[in-house]
Structure formats: C-alpha cells, structure tokens
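The values are calculated or read from the model by the stated rules, or taken from the named source; none is laboratory data. Given the structure is predicted, the values throughout are model-derived calculations rather than measurements. Please note: Cβ atoms are built from the backbone with ideal geometry, for glycine as well, and neighbour counts cover all protein chains shown. SASA here: full protein model, heavy atoms, side chains in, ligands and nucleic acids out. Shrake-Rupley method; radii C 1.70, N 1.55, O 1.52, S 1.80 Å.
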Amino acid sequence: QRRMGLPALALLLVAGLLHTQASPPARSFQLDYEEDCFRKDGAPFRYISGSIHYARVPRPAWRDRLLKMYMSGLSAVQVYIPWNYHEPLPGVYDFDGNRDVEAFLDLTAELGLLVILRPGPYICAEWEMGGLPAWLLWKPDIVLRSSDPAYLAAVDSWLHVLLPKIKPRLYQHGGNIITVQVENEYGSYYACDYGYLRHLLGSFRALLGSEVLLFTTDGTRAEELRCGTLQGLYATVDFGPGSNVTEAFGAQRQVEPKGPLVNSEYYTGWLDYWGEAHASTSSVQVARGLEDMLQLRASVNMQSPFLQLPSLPWPGADFKDQYQPVTTSYDYDAPLSEAGDPTEKLFAIRTVISKFQPLPVGPMPRATPKYAYGWVALRKYADLLDVLDVLCPSGPIQSQFPLTFEAIKQAHGFVLYRTQLPRDILDPATLGAPPHSICDRGYVMLQKQYQGTLERNGQTALHVTGSTGDTLDVLLENMGRISFGANISDFKGLLGNLSLDSSPLRNWLIYPLAIDTAIQEGWPHAARPKSSSGGRAGPAFYTGTFETPGIAWDTFVKFPGWSKGQLWINGFNLGRYWPLRGPQQTLFVPGSVLHVGCPNNITVLELEGAPSTPLLLFLDQPLFNRTLSRSTAATE
C-alpha cells in the first residue's frame, strides 16, 4: 500500500482549511443570556411579528395577506395549528386544500418571512375548544390539558403525525421556523400540572430535536407565570397597549432573569361577543406601546392583527361569569381587515417599525376590490322539520332521556330532540330545563309550530298547551365550545332533561343533523322543489341565486329583517348571522367562493323568523357596530 508523501498531504490539509473557511456557518437560532437577545446564525437578532391564522383565510388569499404583512415591515409571522381542524375524528387526518399547513409554511418561506409556530396542542385563538377536538369528550370524565393518560395518548398520537411535517422546516434544517411554542397560556388554566408540561417538553424534543428553541407564553400575573412555565422552555409574556411596558417585562424577568424580552401576544385589538359593542383599540395607543417595547430591544408578536373570517363551526366562546360566544368575524379592529385591506392602524405600525429597521422596497399592495351586488330575493324552500330524511339519513337514536352531542358523536352544528306530550295540557304548563342544561340554544316547536327559544344564559322555560301525543321538537344549536379558562370541557345539547310542570319528559328520538354535509353536496339546489308552508316563524331553509357581472369580487351580505341563522353560498359555510343581537351585521363573502358565468347558489337556515319579504343585500363594505342585546336598545 502506497504512503502519501508530505507535500501531497500538506496540499490536502490546506485545501481542507480553505474549504472550511469558504463553507457557510451552520444555521442556528439561539438564546443569548449574556447579551439578552436572540442570535440568528451567531448575530444578535430581534423579531417583529404578526399573527395570521391560515385556517381563517381562504387559501387563494394566503399570498395576498402574507405579502401585505411582509411589506408592513414584519420579519416574522406567528402561526397557530388547530388540532381539531386537522383530526376531525380519532385517527382521521385532513391536510388538504385550506388545511394544507405545509403549503402555507412553504409560502411564508418563499416570501421571506420567518415563522414562530404555535402547534398547541391547545392554542386558544378564540377557536372552538381552543383547538382541542370535541371527540376527546367522548370520554366524559377526561381531564383536558393534564397528565390524564387518555388525554396524553391522544396528544402523543397527534404530535407523531404533525411534528414530523414541521421538523424539516425548522431553521436549523434549512427552513424558516425559528421558535416553537409548547401549549399556550397554561398558567391561566386551573390544573397547574407540571407533569403534563414535562411530558410535552419530552415529546417536542423527541420529535423536533434538541436544537429547536421551545418557549411558553403566559400573562404577567405571578400565578400565571408560576403554573405556565417550566425549566427547558423559555418563558415569554403577553400584554396589550394599555399595560405599563416596564412592569410587564419586569414580570418576565421574575422567571427569566436573563435572555431576550418577548411579548408573544401584543393585542392590537380585542374580540367581539354577540350582544356587546364592537371592540376597537386606538391606533395611537397601539403604535405607542409598540415603540416603547422596541426601544427596550424586545421582540414582539402582534396578536390577531392580520386575520379573516372563520367559516363555521370554528368560532369559540369565553366564560366570564356566563357563556359568551364570539362573533363569526375575527376582524376585531384589525390592522389588516378581514377582507385583507390595509388600515390606518397598519400604517401607524409600519411607521413605528421603520424607526428600528428598514422597510421592504416597494408599495403596499392595494385593498382587494369589492362589489355591491345589491338585493337578492330568496324563497322559502322547506321547514327544517320537513326535511329530516335528508338531514339525518341514518334516522334517529332512541333514548329514555336526552343524550349530549358528545354521547352521539356529533361535534358541531345541530341536533333535534323529539318526544310527545304525555297528557292533555289545557292550561299553560311550564316547559323548563335545569340551569345550564341548554347548550347553547334550543328552538322549541309543538306540532311543528314555533313556540320560542330556550337559551344557556337566558330564558330556560316556556308555557305550552297541547294534547296527549302532540309532537314536541327542540332543535339544539352548538354556538361554539369555550376556548379559554377552566370550562373547556364544554358539552353540547340537552345536558339535563326537559320537564312539564316539573314532571320529566321521557322517550326521546334524537336526530344528529348533517346540514353542512347535505349543503356541500348540492342540497337543496340540486333537489326537487318542495311545497312549503307560508309561515315565517321557526327553523326553515330559504334559497336563491344571483349572478355576478363578469367579476368575482369580495362582498358583504346584510340580513335586513332576519333574526338568526347561517348562510351558505355555493356550499361554502360563511357563518352565523344574528343582526338582532349584534354587533356584527354583515358576513364577509370572499370572491374566491363566487362563480362567474353561472348562478351562485344561496342557502339560508333561518332559526327564529324570516322577514315577510325575504331579501339579502350585498354591500361593498362591512357593518360591524350595531348591537341589540337582551336589554339594551340598538346603537350605532
């Protein structure tokens, strides 16, 4: 065997040294506890980020929204992944179409944006059950967000599907994901289960590797930071424009004495509840708070500033002394509106950012075009009770007493409960429900005649008269599972038995309704016309069509004289309308759901009462701030 001579060996060593010097350094994103900053590829780094929820933006609009965020001067976007959006049933996964999170993440990289990822498993986000799948409640005694073995088994199964999709997109592996959040605001949850957080930390490390920067987010109260943080997870805080920035970051310093200051949720707006005034936050206040934080060299993510509408069934609810469902629109005075339009607030934020880092060269992309398609006449297609064969093809479930949505494995939408009056009722009798057992609204019909509505926080009794054997129907609506706090085990349907003058009703037929599925498959437009009663009260379907004048532009639908219900256009569920309760008065219709050159099919499910002349009005701007709550008058 020949031995290499010294000159040849020296040449090889020199070549190797030159190659080492010329090769780029390993990609890294790390914490620097000496300089109190992040380090990206070894250099000090601070991010300015904004939240965007791909699940709340139609896929055709992803690029437009992300480009506007990039041109605002943001260096990163924060992205939630809702578990229940991707695993609708145990072991059944959906990553297609609007749910193609990998395509969304690849688009962020193409546009030059870094990503702060929030994969949960719990995310809050004013999203149904905080992103947790309703099927977890099929085990009624499960303890969510804890070390409960049944919960952990479901979480682990999900993470083993999701996180391998994420790993190759981490910054260290050539991708653009710089940090990954574990859980979300866990310190605001009652469990305070460190074993659960340790389990998640172990799972994330095992599936993503040892180099990725993992973090937590919590409010600034000491109790929240005590229960929400864990060694091995970098602790960040969240607070809004009204907070004292120095005090808020002082709270972070109690748990992270060194390292970068981070506000992971700087609230540029606040959420809307049905029946309350439309939230608004001053642009001046938002800009001032942002500048104060950036002067402290903090990294900031602006929460909910660049969002759009969710189609049902995804809006969640809060529980603050009572159940508070959030509106369909997620435009809470956002810097980028639900239609993707830059606002005064966005330009105020952009001006602040320009003081600290260069803005991208070029103009801000313009607002999307809108069109007022005008009035569209609808006609009544059928009362809901007359189409149960279509909406529940498998037929009803028989039960002595009512069963919850979860007990019959119905996640969302509506379930009809039917029984018969056990005796003649000549004098009005009280049809009542135990407290907190109507989840969330029950529309009552006797012999197909609408009697009124029972409500979780409101009226829980009606007076009825009738004869032995008369059919009593109660249509139960899920208005969204609670997404924040201790009450996220939010069971739906009739949670207790209805009674007549305190005598329990028995022998129920329970119809799980697949309304969304039927409409997505073309019903009722593809079905033969039905002869319907002329009555306007109670749950009924209305249909109509309209054609666009050669364009498919964004638009907004108003519901003059309508009460409460849901809207579909071309099979796409555009959400709940509730003009009587407010504040939201219009539903946003993205142009991507409209057809050009053929009719657009409108389906409305009105739950309480349609106007005598059922019309919809298509506008070129939204109406948000008109509220008629239970006790107050309408205000503009």
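Table for the structure above
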read-out: Boolean, Leu509 is touching a Pro at 6+ places or on another chain (Cβ under 6 Å) and either on the phi > 0 side of the Ramachandran plot or surrounded by fewer than 20 Cβ atoms within 10 Å (Cβ to Cβ) (or both); value: yes
read-out: Residues within the range 62-79 that are of a type in the set (S, T, N, Q) and surrounded by fewer than 23 Cβ atoms within 10 Å (Cβ to Cβ), tallied; value: 1
read-out: Residue pairs meeting the criteria (Cβ under 9 Å; at least 6 apart or on separate chains; first assigned by the TED database to the domain that holds Asp440, in the range 396-414; second open to solvent by 40 Å² or more (accessible area, probe 1.4 Å) and of a type in the set (Asp, Glu)); value: His412/Asp516; Gly413/Asp516
read-out: Filter result for Ile349 (more than 30 Å from the chain's Cα centre (by Cα), modelled with pLDDT of 95 or more and either under 27 Å from Pro622 (Cβ atoms) or of a type in the set (A, V, I, L, M, F, W, C) (or both)); value: no
read-out: Matching residues in the range 481-506 - criterion: being of a type in the set (S, T, N, Q), open to solvent by 20 Å² or more (accessible area, probe 1.4 Å) and assigned to a loop (DSSP other than H, G, I, E, B); value: Asn487, Ser489, Asn497, Ser502
read-out: Which numbered condition Pro369 fails, given (1) over 27 Å from the mean Cα position of the chain (by Cα); (2) farther than 14 Å from Met69 by Cα; value: (1)
read-out: Asp331 vs. criteria modelled with pLDDT under 85 and part of a strand (DSSP E or B); value: no
read-out: Exclusive hit being in contact with a Cys (Cβ under 9 Å, 6 or more places away or on another chain) and without any contact (Cβ under 8 Å) to a residue 60 or more places away in the chain, set Ala153, Ala191; value: Ala191
read-out: Residue within the range 382-403 that is part of a loop (DSSP other than H, G, I, E, B), under 30 Å from Ser503 (Cα atoms) and open to solvent by 60 Å² or more (accessible area, probe 1.4 Å) present; value: yes
read-out: Complete set of residues in the range 80-102 that are hydrophobic (A, V, I, L, M, F, W, C) and either open to solvent by 10 Å² or more (accessible area, probe 1.4 Å) or within 19 Å of Ile349 (Cβ to Cβ) (or both); value: Leu89, Val92, Phe95
read-out: Index of the failed condition, Thr468 passing every other in (1) open to solvent by 50 Å² or more (accessible area, probe 1.4 Å); (2) outside the structural domain of Ser592 (by the TED database); (3) not in a loop (DSSP other than H, G, I, E, B); value: (3)
read-out: Pairs where the first residue, in the range 353-370, is within 25 Å of Ala552 (Cβ to Cβ) and the second is part of a loop (DSSP other than H, G, I, E, B) and open to solvent by 100 Å² or more (accessible area, probe 1.4 Å), C-beta under 8 Å, 6+ apart; value: Lys370/Gln621
read-out: Sole residue being within 23 Å of Trp135 (Cα to Cα) and touching a Lys or Arg at 6+ places or on another chain (Cβ under 6 Å), chosen from Tyr189, Tyr196; value: Tyr189
read-out: Residue list for the range 186-214, restricted to those being over 27 Å from the mean Cα position of the chain (by Cα) and open to solvent by less than 60 Å² (accessible area, probe 1.4 Å); value: Gly195, Gly202, Gly209
read-out: Single residue of Phe556, Phe541 found to be under 23 Å from Val326 (Cβ atoms) and buried (at least 19 other Cβ atoms within 10 Å of the Cβ); value: Phe556
read-out: Any strands (runs of 3 or more DSSP E) falling wholly within the range 569-625 and containing at least 1 residues that are more than 20 Å from Pro524 (Cα to Cα) and open to solvent by 10 Å² or more (accessible area, probe 1.4 Å); value: 615-619
read-out: Trp578 being modelled with pLDDT of 95 or more and of a type in the set (A, V, I, L, M, F, W, C); value: no
read-out: Test: residue in the range 519-536 that is of a type in the set (Lys, Arg), open to solvent by 40 Å² or more (accessible area, probe 1.4 Å) and without any contact (Cβ under 8 Å) to a residue 60 or more places away in the chain; value: yes
read-out: Failed criterion for Ala527 (all others in (1) under 28 Å from the mean Cα position of the chain (by Cα); (2) assigned to a loop (DSSP other than H, G, I, E, B); (3) hydrophobic (A, V, I, L, M, F, W, C) hold); value: (1)
read-out: Qualifying positions in the range 159-216 - over 28 Å from Gly485 (Cα atoms) and assigned to a loop (DSSP other than H, G, I, E, B); value: Gly174, Gly175, Asn176, Gly209, Ser210, Glu211, Val212
read-out: Test set (1) open to solvent by 30 Å² or more (accessible area, probe 1.4 Å); (2) more than 24 Å from Glu256 (Cα to Cα); (3) touching a residue at least 24 places away in the same chain (Cβ under 8 Å) - Leu107 fails condition number; value: (1)
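For (1) among the acidic types (Asp, Glu); (2) under 28 Å from Tyr171 (Cβ atoms); (3) at pLDDT 95 or above, each residue gets a yes or a no:
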| site | (1), (2), (3) |
| --- | --- |
| His86 | no, yes, yes |
| Glu126 | yes, no, no |
| Ala134 | no, no, yes |
| Ala154 | no, no, yes |
| His160 | no, yes, yes |
